[in-house]
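Peer 1: Pasting a structure here, questions to come.
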Amino acid sequence: MKKITRNILIISGVAILSSFTTTKINKQFELNEIQNTAEDMIEWIIEDEASGNVGREQADTYIDNLYQIVDAVDRIKQ
């Protein structure tokens, strides 16, 4: 669970830092990395829930929050 919380903080930090990127290529790369990491984390939390390491309600909360990040990145990329 600490790993998930840390990764969410890292994603947030990268999102903030990416807003200061001056070139479109770098910004696009960073946004893709944020989105890919969030999608990876969704897979990890699903595996954690299936193995019993995380409860269903907690897994749902993490997944919902991660999907919000993915959706926000999609909106920014457009």
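Derivation of every value follows stated rules applied to the coordinates shown; laboratory data play no part. Fair warning: this is a prediction, and the values are worked out from it, not measured in the lab. Methodologically, a virtual Cβ is constructed for each residue, glycine included, from the backbone with ideal geometry; neighbour enumeration extends over all protein chains shown.
Peer 1: Rounded to the nearest 0.05, what FRET efficiency is calculated for Gln78 and Asn7 with R0 set to 35 Å and r the Cβ-Cβ distance?
Peer 2: That gives a FRET efficiency of 0.90.
Peer 1: Something else: Pop a pseudo-label 7 angstrom from the Cα along the beta-carbon direction at both Gln28 and Asp60 and give the gap in nm to one decimal.
Peer 2: Taking the two extended label points, one gets 3.9 nm.
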